[in-house]
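Step one of this worksheet: look at the structure below.
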Amino acid sequence: MSATGQPQSIPAGSHAEFITEHYWGYTSLRSGCAEYRVEHPRWKIWNASSFELNADVATLYGQQFAKTLDAPPRSAFIADGSPITVHTREVL
């Protein structure tokens, strides 16, 4: 993936916002499930000027994902990222 220019603010309601603005994570435990809160500032993104997924998707992710991941992407961007805080998990 490549991009040029300066990073831009993520538009409200965009696909990029849906992907980057998640503040809860979940994990499986022997006893069930746990959730944890994640904090980070809102990131900026560069929209990709070119991109390529060169992988055997079926082997890596399973045949059920091959058709979806072989299709053109809905969006392609690079996020600047930041330090994050992951809080102690809570068992659900």
Semi-axes (Å, rounded, descending) of the ellipsoid equivalent to segment 6-73 per its C-alpha gyration tensor are 25, 24, 9
Determine the sum of side-chain charges near Lys44: Lys and Arg each +1, Asp and Glu each -1, restricted to other residues whose C-beta is under 14 angstrom from that of Lys44. -2
Using helices alone, what [θ] at 222 nm do you get for the chain, with -39,500 (n - 2.57) per DSSP H run of 4 or more residues, divided over all residues and rounded to the nearest 500? -5000 deg cm²/dmol
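In whole percent, and with a 1.4 Å probe on the protein chains, what portion of the accessible area of the chain is carbon and sulfur?
Numbers: 3790 of 7130 Å².
Taking all protein chains in place, the chain shows 53 percent carbon and sulfur surface.
The values are calculated or read from the model by the stated rules, or taken from the named source; none is laboratory data. No experiment lies behind these values; they were computed from the predicted model shown. All Cβ positions, even for glycine, are placed from backbone atoms using ideal geometry, and neighbour counts span all protein chains on display. Accessible surface is based on the protein model in full, side chains and every heavy atom, while ligands, DNA and RNA are left aside. Shrake-Rupley method; radii C 1.70, N 1.55, O 1.52, S 1.80 Å.
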